[in-house]
Every structure is written in structure tokens, then in C-alpha cells.
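Right, one structure below, let's go through it.
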Amino acid sequence: MAEVIEVVEEGFRRNGMGETQMPPKIAIKPRGGETFLHAMPAYVGQLDIAAIKWVGGNDDNRKRGLPSISGLIILNDPETMFPVCIMDASWVTAMRTGAANAVAMKYLGPERVETVAIIGCGVQGRSNLLAMHTRYPEIAQLRCYDISQAALNAFVEEAREKYDFDVAPVAGLQAAVEGADVIVTAGPSPKEPTPYLKEEWLKPGAMAAPVDYMGAWEGKLAAKVDKLITDDHGQMDYYRSKGYFKDVPKPYADLGEIVAGKKPGREGPQERTMSILMGIAVDDAVTAQLVHDRAVAQDAGMTLPL
């Protein structure tokens, strides 16, 4: 995770410096509803990485015993344009999402963190916990909540085996969130959310890090925090055009602008901050390149005929 955080931070820096090409996600909904297939291309200048992710999502997959997110990433040679690598996108998507939040925490989060909360104990809950622990090794307590008791139990058991801090499953949302230094919400991402976390539960100096397109928090929190950021203005504008983020004001900055030094991040210990990260193709591209480079160095994978 530390290596993924490092390359994702550099990707944000390049994006903030205007050295990337990243069209908004291209979406299709083969059978309607909340399912999707997204094409996510990106070129990262200076690093010379060209990639595309073809990713699908269906929450009903859980009933089939399948992951809700699946996909492929293709890396291309920026000189010949030929594909050089095809890889699974599930691990990359999980890791880069957690890593992006860790980068946001570096610039917007509290200097020191003792108590964190995770709402939604699935794949993103796990990857964000790993990212938070990498960013804040001093964590003393994790509070976690999920509407599925089975998912919560599995998450708690795994976290207690993996980490040396107190893992505290809680029965109520207020008990999970109130007083926490950093709160990650990783539940569903509906276009018409039914918020279940109250604005006043985010204490002074704390950071809200939703990866659910603001599905959990009351909309007024986005207007009341001291600094609201997103991962990319263009991506948020695209989703606004699709009906998301109706109650969310224009962010103060995107994360690339902050990492590139164009705008300051947290400026005081009492600031309440929020990072609405939607997941951008630059994150996928730099993480996939890291995986590819490691695979080449270890002679892993297989050669495919084209």
C-alpha cells in the first residue's frame, strides 16, 4: 500500500500540473438500474503512461457469490500504441481508492489520528483501513459499522488478526462516527441518497472521507466544512450532469491542485475537511504501471498472442 500511495500521489501531482489527459468516464447501462460499465482512459504525461480501465459494477452480484466490482485494465505503449499488458482491475481499483484517500488525508487530514471510523465493511472498507493504517500508524481504535452483521463480523475478525489496535464493532451509526478523527464511508452510491450521518457528528478538526458519492452524510455537511475537495473537477461536473451531488457546492480545490502546491490543504487543527473522491483513471494508470513493472521484474504473468 505504501508504494501504491506514492505513485497515486505522483499521479495527482501530474494531474494538478495539467500534464494528464483524462476524459470523463464513458458509461453504459446494459440493463438499466444501478448497474454500470465504465470506460476510463488516461494518459499521464512525464511518466508516459497510457491506460484504460473497463470496469463493471452490480451490487446484486453479492447474491450470486460474486464481487460487486469487476474489470480489466489495458496498458498501451505510448509510442507504438500497441497494448503491452492486460490485468485484472479489481485489486487495482480497491488499492488505488484507498491510496487516493490516504493522499487526501496527508494534505487535508489531522496531523495525528487516534480514532477512525469505517461505515461499510466490504472491499473498500478493507482497502481504506489498510491505507489509513499506512498513513497513520499511531491509530489506537477503529470503530466499524455495517448493516450486514455477517459482513461486520468478518471484517472485525480479519482486522483483529491483521492490526494491533482496538477494533470496536458498534451497534449504532452515531456511536461509530461521533468523536472520530477520520471517517470513511464506503456504502452504496445512489443518485438519490437517503443520508444517515448527521452534520453535527463530525467534530472540529475531523475529516470525512466518503467513497460513496456522498451517499451517507447529510448534504449540508459539504457546505459547512472548512475545506471541501474532490479528486477532479471535470469528473465531478460530469456526475453533476447525471444527477449526482445536487446538494454539494463547488469544491474549494481538487486534490491535484493541492498536491501540486497550487492551493493549500489543511491550514489549522480545528478545520473540518471533506474529500469526495470518485475514483479517477489517472489513479488506475499509475497503479497498473506499478503492477506491470513489478511483474516484469519478477518474470510473472504470461505472454499472450495477439
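Place a +1 charge on the Cβ of each Lys and Arg in region 175-219 and a -1 charge on the Cβ of each Asp and Glu, then give the dipole magnitude about the Cα centre in debye, rounded to the nearest 20.
80 debye
Please give me the summed charge of the neighbours of L72: other residues whose Cβ is under 14 Å from its Cβ, Lys and Arg +1, Asp and Glu -1.
Neighbourhood net charge equals -1.
With equal scatterers on the alpha carbons only and no solvent term, can you work out the Debye log10 of I(q)/I(0) for region 100-279 at 0.12, 0.15, 0.19 1/Å?
-0.50, -0.80, -1.29
Out of the GluC sites (Glu not before Pro) in region 1-107, which ones are loop residues according to DSSP with at most 12 other C-beta atoms within 10 Å?
Working: sites: E3, E6, E9, E10, E19, E34, E79; in loops: E19, E34, E79.
Those satisfying the criteria are E79.
Report, to two decimal places, the Cα Rg of the chain normalised by 2.2 N^0.38 Å (N = number of residues).
My calculation over the Cα atoms of the chain gives 0.96.
For the chain, give the share of DSSP beta bridges that are antiparallel, in percent and rounded to the nearest 5; count only bridges with both residues there.
Looking only at bridges with both residues in the chain, the antiparallel portion is about 50 percent.
Using Cα positions and a limit of under 25 Å, work out the lysines in reach of K250, with same-chain residues fewer than 8 apart set aside.
K25, K106, K191, K198, K203, K220, K224, K227, K242, K262, K263
Taking neighbour counts of Cβ atoms within 10 Å as a proxy for exposure, in what order, fewest first, do W91, W201, W217 appear?
Sorted ascending by nearby Cβ count, the order is W91, W201, W217.
Below 14 angstrom from the Cβ of E199, what's the summed charge of the other residues (Lys, Arg +1; Asp, Glu -1)?
Neighbour charge sum, excluding E199 itself: 0.
Anyone know which of P204, P30, P193 comes out most mobile in the 10 Å Cα GNM of the chain?
P30
Show me, for region 175-181, the HN-Hα J-couplings you get by feeding each phi into the Karplus relation (A = 6.51, B = -1.76, C = 1.60, θ = phi - 60°), rounded to Hz, glycine and proline as x.
For region 175-181, the Karplus-derived couplings read 5, 6, 8, 5, x, 6, 7 Hz, x marking Gly and Pro.
Once the other residues with Cβ under 10 Å from the Cβ of H233 are scored (Lys, Arg +1; Asp, Glu -1), what is the net sum?
-4
Using a simple spin-label model with points 7 Å from Cα along the Cα→Cβ vector, what separation in nm is obtained for S148 and N61?
Placing both labels 7 Å beyond Cα along the Cβ direction yields 1.3 nm.
In nm, give the distance between the simple-model label positions of A175 and K242, each being 7 Å from the Cα along the Cα-to-Cβ direction.
Reported label-point gap for A175 and K242 is 3.7 nm.
About the Cα centre of region 100-279, how large is the charge dipole given +1 on each Lys and Arg Cβ and -1 on each Asp and Glu Cβ? Please answer in debye to the nearest 20. The partial results should precede the final answer.
Details: 21 positive and 25 negative charges, 92 e Å.
So the magnitude is around 440 debye.
Which Cα, out of T35, G56, T287, lies furthest along the positive dipole direction of the chain (beta carbon charges, K/R +1, D/E -1)?
Final value for the positive-end residue is T35.
Assuming 0.692 mPa s and 37 °C, estimate D for region 92-185 with Stokes-Einstein, Rh taken as the Kirkwood radius over Cα pairs, in µm²/s.
Details: Rh = 13.0 Å.
Result for D is 252 µm²/s.
Would you please classify the overall shape of region 141-218 from the alpha carbon gyration tensor, given that a ≥ b ≥ c denote the square roots of the eigenvalues, rounded means a/c under 1.5, and beyond that prolate means a/b larger than b/c while oblate covers the rest?
Oblate.
Bear in mind these aren't lab numbers, they're just calculated from the coordinates by the rules spelled out. Remember, predicted model here, so these are calculated numbers, not experimental data. Here the Cβ is made from the backbone with ideal geometry for all residues, glycine too, and neighbour counts use every protein chain on show.
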